[in-house]
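Provided herewith is a single structure, encoded as structure tokens, for subsequent inquiry.
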Amino acid sequence: MQQTQEDAVPIIDMAPFLETNCNEVISAKRKVVLQELRNACEEWGFFTVINHGLNLQFLEKALKVSEDFFGLPVEEKLKVKPAPGSTPYPAGFNNENRTQGIHDRKELLYFFLDDSSTDVSQQRYSMYNVWPENPPHFRSVINEFTRHAEGTSKMLLRALSESLGLPSNLIYDLSQENINMFLMNYYPPSGLEGHTQGLGHHKDGGILTMVAQNNVAGYQLLKGDKWITIEPLEGALVCNIGDTLQVWTNGRYKSVMHRVCNHKDHKRFSLAFMPTPSASAQIAPLSNFTSDIGNFPKYRTFEYMEYLKLRFKNKLLAPNAKDIGIDDFRICA
Ligand SMILES: O=C(O)CCC(=O)C(=O)O
Ligand SMILES: [Fe+2]
């Protein structure tokens, strides 16, 4: 069934933000984009970007190399299972993920990007990365992809800052202490009619999530009480606001529930790039959205690790139990 504009995630053309010389015409175009971003983040918590600056050939190559990896026999894939001590997220291959006690029909390969921090006392999550030996060019293709994905995510974080009326670098600077997580997902065909749980419903914890997907539908978000499928659009990136940005903006930008269904007949692949606070980061609503404008903070200050630990409990909850999430950090009025 064709989607109408009302039930389709907004598509935003970021081309004006790729221009290096910002003249009056570009500046006017940027303002229009910022308004579109604001509307999308307030109403949907999701938006799809085109002309995002991430080279489409790198994107295609990364999707292909993930297809090649996930096509290997499971014994080969298990060679890159997480190393002991690899927490809070276990880097490596995982085919046993659960949401609310229910097995997700998916396989995952997880990495941390090398952080650029010079503070040696800070934990470097990337030391836990385990790289497959097959396909042989896997590591170089993924490094090329993630380097460029990081550039696109910086551009988007700047635009998000501006869309909130903040200095361009503010959100990016706040996330200086951040880590970039990169998830490669494979959702096998279910062979079944109707919904199957590829990835159970959840909200993302970080700042922003950017998802590239192959041409197989299955990604859905909850709007009101309706699950809406985000139709794949070649070369586009689907973005959503994470809980951290919801807290920083004191609830103005929304982190929205989403899930993945397996396709009956086709394999679905996705690549998710997530700038995320490091475990030791202190998260609190920014004064720009609280005291500066006479509003009370809706969330208490917390250490990101405290939140991560709580989130992990969701995996073990009984089906249909209330999710543990960012609402547990709300300050009651
Ligand atoms: O696979 C996808 O398209 C989305 C994955 C996702 O929601 C996640 O990893 O948090
Ligand atoms: Fe997600």
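How large is ³J(HN,Hα), in whole Hz, for each residue of the range 197-210 in order, when computed from phi with the Karplus curve 6.51 cos²θ - 1.76 cosθ + 1.60 and θ = phi - 60°, using x for Gly and Pro?
Karplus values, whole Hz, x for Gly and Pro: 7, x, 9, x, 4, 6, 10, 8, x, x, 8, 8, 10, 10.
Using only the alpha-carbon atoms of the range 262-333 as identical scatterers, what base-10 log of I(q)/I(0) does the Debye formula give at q = 0.12, 0.22, 0.24 Å⁻¹?
With no solvent term, the Cα-only Debye profile gives -0.53, -1.07, -1.12.
Would you pull out the residues with amide H under 5 Å of CYS239's amide H, same chain only if 5 or more places away, H placed 1.01 Å from N?
Result for CYS239 returns PHE47, THR48, VAL49, VAL211.
Near LYS203, which lysines are there with a Cα under 16 Å away, not counting those fewer than 8 places off in the same chain?
LYS223, LYS226, LYS254, LYS309, LYS313, LYS315, LYS322
With n ≥ 4 as the cut-off for DSSP H runs, can you work out [θ] at 222 nm for the chain, using -39500 (n - 2.57) per run divided by the number of residues, rounded to the nearest 500?
Details: 7 runs with 87 residues, N = 333.
When only DSSP H runs of four or more count, the value is -8000 deg cm²/dmol.
Given Cα pairs under 8 Å that are at least 6 residues apart, what percent is the relative contact order of the range 5-279? Each step should come with its number before you reach the end.
Values: 542 pairs, mean separation 64.6, N = 275.
After rounding, I find 23 percent.
Connecting C-alpha atoms closer than 10 Å in a GNM of the chain, tell me which of GLN282, GLN100, GLN213 has the biggest fluctuation.
Highest fluctuation of the listed residues: GLN282.
Still on this structure: Could you run the Karplus curve 6.51 cos²θ - 1.76 cosθ + 1.60 with θ = phi - 60° over the range 237-254 and give me ³J(HN,Hα) per residue in whole Hz, x for Gly and Pro?
10, 8, 10, 9, 7, x, 4, 4, 5, 4, 5, 3, 8, 6, x, 5, 8, 9
While we're here: Under 5 Å between amide hydrogens, which residues at least 5 positions from LYS223 or on another chain qualify, with H placed 1.01 Å from N in the peptide plane?
Those qualifying (amide H under 5 Å, at least 5 residues apart or on another chain) are ILE228.
On to the next question. How much length, in nm to one decimal, is gained on full extension between LEU310 and LYS264, taken as 0.36 nm per residue of separation minus their Cα-Cα distance?
On the way: separation 46, 0.36 × 46 = 16.56 nm, distance 3.31 nm.
Gain on extension, LEU310 to LYS264, equals 13.2 nm.
Starting from the amide H of LEU208, placed 1.01 Å from N in the peptide plane, find each other amide H under 5 Å away whose residue is 5 or more places distant or on another chain.
Correct list: GLY242.
Something else about it: Cβ under 15 Å from ASP328's Cβ, ASP328 left aside: what net charge do those residues give with Lys, Arg +1 and Asp, Glu -1? Working shown, then result.
Values: positive: LYS203, LYS298, ARG300, LYS309, ARG311, LYS313, LYS322, ARG330; negative: ASP243, GLU303, GLU306, ASP323, ASP327.
Local charge sum for ASP328: +3.
From the phi angles alone, apply the Karplus equation (6.51, -1.76, 1.60; θ = phi - 60°) to the range 213-218 and give each ³J(HN,Hα) in whole Hz, x where the residue is Gly or Pro.
9, 6, 8, 10, 6, x
Restricting to the chain, compute how many DSSP beta bridges are antiparallel as a %, nearest 5. Write down the numbers at each step before the final one.
On the way: 46 of 49 bridges.
Given both bridge residues lie in the chain, the antiparallel proportion sits at roughly 95 percent.
If you scale each eigenvalue of the Cα gyration tensor by 5 and take the root, what three semi-axes come out for the chain, rounded to whole angstrom and sorted largest first?
On the way: eigenvalues 165, 110, 98 Å².
Rounded to whole Å, the semi-axes are 29, 23, 22.
Values quoted throughout were computed directly from the atomic coordinates according to the rules given, and no laboratory measurement underlies them. If you're wondering where the values come from, they're calculated on a predicted model, not measured in any experiment. With ideal geometry, Cβ positions are generated from the backbone for all residues, glycine too; neighbour counts draw on all protein chains shown.
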